[in-house]
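Have a look at the structure below, then the notes.
We did not get these values from a lab; they are worked out from the coordinates using the rules stated. The shown structure was predicted, so the numbers you read here are calculated from the model rather than taken from an experiment. Cβ coordinates were reconstructed from backbone atoms using ideal geometry, including for glycine residues, and neighbour counts include every protein chain displayed.
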Amino acid sequence: MTRVLQVGLGPLGRRIVSDFYARRLGEVVAAVDPANDVAGKELSELASGAPAGVRVVATVEEVADWSSVDCAIVTTSSDLELVMPTLRTLLDHGVAVLSTCEELAYPWLRHPVFAQELDERAIRNGGRVLGTGVNPGFLMDAFAVCTTTACNAVRSIRVTRLQDASSRRVPFQRKIGAGLDDAAFEARAAEGTLRHVGLGESLHFVGHYLGWTFDRWEEELTPVKAERDLDCALGPIPAGHSSGVRQVARGYVGDESVAELVFQAAIAQPDPHDRVEVDGDPPLDLVWKGGVHGDTATSAIVLNSIRALRTAAPGLHTMATLPMQGCARPEG
């Protein structure tokens, strides 16, 4: 029986808890969320399938019985600096921690000091920590690198993810700038609150595991404009306003771009798909028609990674340092 501590009960956290019970993977023994309308409630009021008996507390320090926790799932923030206090507490208790914090998927890019601290703290206390999800964590990095196992040589790689965000949760639609006019889009982009967090992490994950040291890298962000009036969970989108975002990251060896990642998510995005193109020996071109639903896949990847992380050596991990996961079977 896998006993889980869930930290963060926004839409994604609730989805993960519901899927955890629907798949009969174990038991949630404690839950944490500081929001005034969440803390103090029964978990069963927030996530379908969760049984009564687990009351949500406001902080991880309020968790009463650490001996009953096999692993923790943290779904709180994309910013590793904001998640660090939670991770420190969990690792000090020797817990295996999975987090959807995008910057944790490859923390050596923006937070090398935090990465070293997490690794050392985990090893010292017998804990483990992994940042994962559908993207970053799988589609544009781990899966892309894995495809090149069939190659004798790789000259360059291009990964494209086109998503129809119409069915995604509200926080995701807000994060891609759905409905903004040009001025609002530029303002949000300048303050860093409008972007897909993790594209640079995915780029450097790919570079690292394919043996490239980038001489430089770049990232650009532009709006996807609605060609007609649209509607989304945030409200109406007039024609000419942003329906989403297009983000491109490139890594260079010398003057040559050897890795290019293209992320585009928009309301009513036509021809959604995920694609990995490898200029190699042999060349490869893999397309996932219709694309992978981000919320469904993120929940699945987190839950399917629990077993591998719990049995891994203590320390900071990436999706490339764990064995292949596959779809976890129900317990019992």
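The figures follow:
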quantity	calculated
Stretchable slack from residue 3 to residue 58, in nm (0.36 nm times residue separation minus alpha-carbon distance)	17.9 nm
Using a Förster distance of 45 Å, the FRET efficiency for residue 113-residue 48 (Cβ separation, nearest 0.05)	0.65
Test item: Cα-centred dipole of the chain, Lys/Arg +1 and Asp/Glu -1 on Cβ, debye	840
Sorted by Cβ neighbour density within 10 Å, fewest at the top, the residues 181, 255, 33, 119	255, 181, 119, 33
Backbone N within the stretch 96-114 under 20 Å of label point (7 Å from residue 310 Cα along the Cβ vector)	96-100
Simple label model, 7 Å out from Cα along Cβ direction - residue 271 to residue 222, nm	1.7
Computed [θ] at 222 nm, deg cm²/dmol, the chain (DSSP H ≥ 4; -39,500 (n - 2.57); rounded to nearest 500)	-8000 deg cm²/dmol
Span from the the stretch 5-55 Cα centroid across to the the stretch 59-122 one, whole angstrom	18
Eligible lysines near residue 225 by straight Cα distance, threshold 19 Å, same-chain separation 8 or greater	175
Among 97, 252, 28 the positive-end extreme of the charge dipole of the chain (Cβ point charges)	28
Point-to-point label distance, residue 279-residue 79, nm (Cα→Cβ direction, 7 Å offset)	3.8
Cα gyration tensor, the chain - rounded (a/c under 1.5), prolate or oblate	oblate
Highest-MSF residue in the chain out of 197, 63, 292 [GNM, Cα springs under 10 Å]	63
Among 79, 164, 215: highest mean-square fluctuation, GNM of the chain, C-alpha pairs under 10 Å	215
Fewest-first ranking of 196, 204, 93, using other Cβ atoms within 10 Å as the exposure measure	93, 204, 196
Rough spin-label spacing in nm, given labels placed 7 Å along Cα→Cβ, for residue 320 and residue 65	4.1
Spatial separation of Cα centroids for the stretch 146-167 and the stretch 243-262, in angstrom	12
Taking 260, 61, 120 and counting other C-beta atoms within 10 Å, the order from fewest to most	61, 120, 260
As computed over the stretch 142-291, the Cα convex hull volume per residue (Å³)	111
